[in-house]
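Asks: My questions will all concern the structure given below.
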Amino acid sequence: MMSKLEVSFAGMRLRNPTLLASGVMGETGDSLLKVASAGAGGLVTKSIGLEARKGYPNPTLVELADGYINAMGLPGPGIDAFAEEMETAKRGGVPIIGSLFAATPGDFTALAGRMEEYGAAAVELNLSCPHAKGYGMEVGVDPDAVKSIVSEVKGSVGIPVLAKLTPNTHRLVEVARAVESAGGDGIVAINTVKAMAISVEAKRPVLYNRTGGLSGPAVKGVGLRCVYELYEAVDLPLMGVGGVESARDALEYMMAGAAAVQVGSAVGRKGLGVFGAICDGLSEYMAEAGVKDLGEIVGVAHVQ
């Protein structure tokens, strides 16, 4: 029997609308398995590239009262070494979305093919990391480049292709429409907001990379605005990311137009119990409001 929290996203059946966001506990199969056991409806891996990558030296993370600023530099084991991690993670019994980063359409296509071989339910193209030179946001703010990447990946795999977009651009809607015209299956919004922190004592930037990506409750308003705008601009399912720590946060994103949400910083701030807490809160809301299907509330905040 279908759970009342079960949702469909780009052809994937999720036992609930909460997914682990890329970059948090997504580098090893064991950590992904723990998140599945904690109640997440789906998992997004750490962004994986063609080769192993060390990332930036420390310090790479700043903890704030309302979130984090990180500049990890996309560290990871590389696609060859990730096969074993995927085998372990699949034991969790929930869809796994493989997050990928690359600089060219050909590299994205090669990575997507490997993720499909490993059993990924979908791929998420990281077109939005704000702190890795030559990747992410540097590629993802150009609608033509995004269209080329999404089109080539779509033509090479049989699983859904999602594009994760950056809020650090005035061309967000143009980029989203490029994803849609290229045949993309869904949009993930948003990645982190470009930010920095200064040490008053040292009189210099805290992060080795100087700037990084701001995440957590501090960016929820930005994420909601982006999802709201995208819902009116494209006819693609949306996944909301940025500051989701409670059922109320998830409901705001859904009412803005998201069919599902990703949870990242909240895992560090509140622990793995955050997935169960969000789902419990959603169930309570549905009972109190007489909502039988979460799809009923997707986009209801839009004024006709």
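Asks: Quick one: which of VAL267, VAL179, VAL227, VAL244 is in a loop (DSSP other than H, G, I, E, B) and either among the aliphatic types (A, V, I, L, M) or closer than 14 Å to LYS164 by Cα (or both)?
Replies: VAL244
Asks: Within segment 51-58, can one find any residue that is touching a helix residue (DSSP H, G or I) at 6+ places or on another chain (Cβ under 8 Å) and either of a type in the set (D, E, K, R) or closer than 21 Å to GLY242 by Cβ (or both)?
Replies: no
Asks: Only one of these conditions is not met by VAL179: (1) more than 19 Å from the chain's Cα centre (by Cα); (2) surrounded by 19 or more Cβ atoms within 10 Å (Cβ to Cβ); (3) β-branched (Val, Ile, Thr). Which number is it?
Replies: (1)
Asks: Consider segment 91-106. How many of its residues are β-branched (Val, Ile, Thr) and touching a Gly at 6+ places or on another chain (Cβ under 6 Å)?
Replies: Matching residues across segment 91-106 total 1.
One line per residue, one yes/no per condition, for (1) free of Cβ contacts under 8 Å to residues at least 60 places away in the same chain; (2) of a type in the set (D, E, K, R):
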{"position": "SER246", "(1), (2)": "yes, no"}
{"position": "VAL267", "(1), (2)": "no, no"}
{"position": "GLY273", "(1), (2)": "no, no"}
{"position": "LYS292", "(1), (2)": "no, yes"}
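Asks: From the residues in segment 275-290 that are out of contact with any strand residue (DSSP E or B) (no Cβ under 7 Å at 6 or more places or on another chain) and in contact (Cβ under 8 Å) with a residue 40 or more places away in the chain, which one is surrounded by the fewest Cβ atoms within 10 Å (Cβ to Cβ)?
Replies: The selected residue is GLY276.
Asks: Might you check whether a residue that is acidic (Asp, Glu) and buried (at least 18 other Cβ atoms within 10 Å of the Cβ) occurs anywhere in segment 76-86?
Replies: Taking every residue of segment 76-86 in turn, at least one turns out to be acidic (Asp, Glu) and buried (at least 18 other Cβ atoms within 10 Å of the Cβ).
Asks: Related question: Return yes or no: is GLY271 closer than 21 Å to MET25 by Cα, small (Gly, Ala, Ser) and more than 17 Å from the chain's Cα centre (by Cα)?
Replies: Judged against the criteria, GLY271 is a match.
Asks: Can you tell me which residue within segment 37-71, out of those that are of a type in the set (A, V, I, L, M, F, W, C) and surrounded by fewer than 22 Cβ atoms within 10 Å (Cβ to Cβ), is modelled with the lowest pLDDT?
Replies: The extreme case among them is ALA52.
Asks: Being in a loop (DSSP other than H, G, I, E, B), at pLDDT below 95 and small (Gly, Ala, Ser): is that true of GLY26 here?
Replies: Judged against the criteria, GLY26 is a match.
Asks: Right, something else. Looking only at segment 101-124, filter to residues that are under 18 Å from GLY42 (Cα atoms) and out of contact with any helix residue (DSSP H, G or I) (no Cβ under 6 Å at 6 or more places or on another chain); which one of those is surrounded by the fewest Cβ atoms within 10 Å (Cβ to Cβ)?
Replies: GLU116
Asks: Sticking with this structure for a sec: Can you pull out every residue in segment 138-165 that is more than 18 Å from GLY98 (Cα to Cα) and either touching a residue at least 60 places away in the same chain (Cβ under 8 Å) or of a type in the set (S, T, N, Q) (or both)?
Replies: SER148
Asks: If you scan segment 270-304, which residues turn out to be small (Gly, Ala, Ser), part of a helix (DSSP H, G or I) and touching a helix residue (DSSP H, G or I) at 6+ places or on another chain (Cβ under 7 Å)?
Replies: GLY281
Asks: For segment 71-105, how many residues meet the condition of being closer than 14 Å to MET115 by Cα, assigned to a loop (DSSP other than H, G, I, E, B) and among the aliphatic types (A, V, I, L, M)?
Replies: 3
Asks: Taking ARG114 as the residue in question, decide whether it is more than 19 Å from the chain's Cα centre (by Cα), farther than 20 Å from SER156 by Cα and not aliphatic (A, V, I, L, M).
Replies: So ARG114 fails the test.
Asks: Out of TYR68, TYR56, I need the residue that is among the hydroxyl-bearing types (Ser, Thr, Tyr), part of a loop (DSSP other than H, G, I, E, B) and touching a residue at least 24 places away in the same chain (Cβ under 8 Å). Which one?
Replies: That would be TYR56, the only listed residue that is among the hydroxyl-bearing types (Ser, Thr, Tyr), part of a loop (DSSP other than H, G, I, E, B) and touching a residue at least 24 places away in the same chain (Cβ under 8 Å).
Asks: Within the set of pairs 6 or more residues apart or between chains, which connect a residue that is farther than 20 Å from ALA122 by Cα inside segment 173-197 to a residue that is assigned to a loop (DSSP other than H, G, I, E, B) and of a type in the set (D, E, K, R) with Cβ atoms less than 7 Å apart?
Replies: Pairs found: MET196/ARG210.
The values are calculated or read from the model by the stated rules, or taken from the named source; none is laboratory data. Note that the structure is predicted; figures quoted are calculated from it, not measured. Neighbour counts run over all protein chains shown; Cβ positions are idealised from the backbone, glycine included.
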